[in-house]
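The values are calculated or read from the model by the stated rules, or taken from the named source; none is laboratory data. This is a predicted model, so every value here is computed, not measured. Neighbour counts run over all protein chains shown; Cβ positions are idealised from the backbone, glycine included. Quick note on the areas: whole protein, heavy atoms, side chains included, nothing else; ligands and nucleic acids left out. Shrake-Rupley method; radii C 1.70, N 1.55, O 1.52, S 1.80 Å.
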Amino acid sequence: MIITQARLEDIDSILELHKKYHVNTVSEEDKPDGFITTDFTPEQLKGLIGEDGITIIKDGDSVLGYAMAASWQFWSEWPFFANMIKLLPDNSFEGTVLDMENSYQYGPITLDKSIRGTGMFEKLFNASLKNMSKRYPIMVTFINQINDRSYVAHTEKVPMEVISTFVFNNNDYYMLACPTK
Ligand SMILES: CC(C)(COP(=O)(O)OP(=O)(O)OC[C@H]1O[C@@H](n2cnc3c(N)ncnc32)[C@H](O)[C@@H]1OP(=O)(O)O)[C@@H](O)C(=O)NCCC(=O)NCCS
């Protein structure tokens with residue numbers, strides 16, 4: 001298994017993994033272990049790869065994990081992220097008020113269930129963080145408050161801190177941040 005930046009030829013495998021754990025298509029059995037809510041078209045994934053924004057875990061040709069990360073500018077076409085952008089000036093991390101230049105948005109992240117609980121989460125998270133650390137001092141993300149597994153992973157396995165909470169489309173979310181270095 002290797003951790004690397006995604007290339008265009010990885011899109012089909014990324015979408016396959018994405019569908020397996022997206023809230024609209026995840027099985028009832030798998031849902032308690034977390035789900036993702038962001039939708040992507042193949043075109044949007046191409047754009048994200050163009051921003052060097054997808055870090056993946058690959059086993060042969062199969063993608064077993066991905067972590068997305070990109071500028072707020074890139075994410076702004078999703079209404080969910082447009083809302084987060086509006087909230088940035090009301091949030092600060094370690095004394096710095098957040099904005100579109102000093103922070104970026106990480107997530108979603110997904111691991112195939114065959115490799116969860118193996119330490120690959122931290123490795124993928126840290127590879128994505130390192131890749132973005134050249135461009136931004138602060139990373140920001142969100143977690144649905146009912147996604148307990150993701151909350152525990154992000155607050156206990158890696159050093160993310162809850163900086164606020166917000167509501168979008170009747171769902172409750174945490175906003176979290178961490179330094180990139
Ligand atoms: C979120 C995710 C990336 C984390 O990776 P992971 O390999 O599962 O993480 P880990 O197993 O190392 O850590 C999760 C911790 O939560 C614990 N946990 C599992 N289910 C839990 C639950 N329902 N409530 C509380 N804690 C839970 C695990 O036991 C583990 O802690 P431990 O190692 O001390 O036992 C992965 O579970 C995943 O891809 N989930 C589906 C998609 C998703 O939710 N993505 C995140 C969207 S914000």
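In whole percent, and with a 1.4 Å probe on the protein chains, what portion of the accessible area of the chain is carbon and sulfur? Show your work: numbers first, answer last.
Working: 4360 of 8930 Å².
Solvent-exposed carbon and sulfur of the chain make up 49 percent of the total.
By how many nm would the segment from residue 44 to residue 86 grow when fully extended, if each residue of separation counts as 0.36 nm and the alpha-carbon distance is taken off? If you can, show how the numbers build up before the last one.
Values: separation 42, 0.36 × 42 = 15.12 nm, distance 2.18 nm.
Length gained between residue 44 and residue 86: 12.9 nm.
Hey, what's the stretch 2-179 come to in accessible area per residue, 1.4 Å probe, Å²?
Here the per-residue accessible area is 48 Å².
Among the complete DSSP H segments of the chain, which ones combine at least 15 Å of alpha-carbon extent along their axis with a mean Kyte-Doolittle hydropathy of -0.5 or more? List each step's numbers first, then the result.
Details: long enough: 11-21 (16 Å, -0.32); 120-133 (19 Å, -0.08).
Long hydrophobic helices here: 11-21, 120-133.
Just subtract the alpha-carbon distance of residue 155 and residue 15 from 0.36 nm times their residue separation and send over the number in nm, one decimal. Could the numbers behind the result be given before it?
Working: separation 140, 0.36 × 140 = 50.40 nm, distance 2.68 nm.
Between residue 155 and residue 15, full extension yields 47.7 nm more.
Spin-label point model (7 Å from Cα, Cβ direction): what's the residue 123 to residue 59 distance in nm?
Once both label points are built, they end up 1.2 nm from each other.
Run the paramagnetic zone check for residue 167: 7 angstrom along Cα to Cβ, then residues of the stretch 116-160 with backbone nitrogen under 14 Å.
Hits in the stretch 116-160 for residue 167 at 14 Å: 145.
Just order 2-9, 63-70, 107-114, 153-160 by mean Cβ neighbour count inside 10 Å, highest at the front, would you? Show your work: numbers first, answer last.
Values: 2-9: 12.8, 63-70: 23.9, 107-114: 18.8, 153-160: 15.9.
In decreasing order of mean packing, 2-9, 63-70, 107-114, 153-160 become 63-70, 107-114, 153-160, 2-9.
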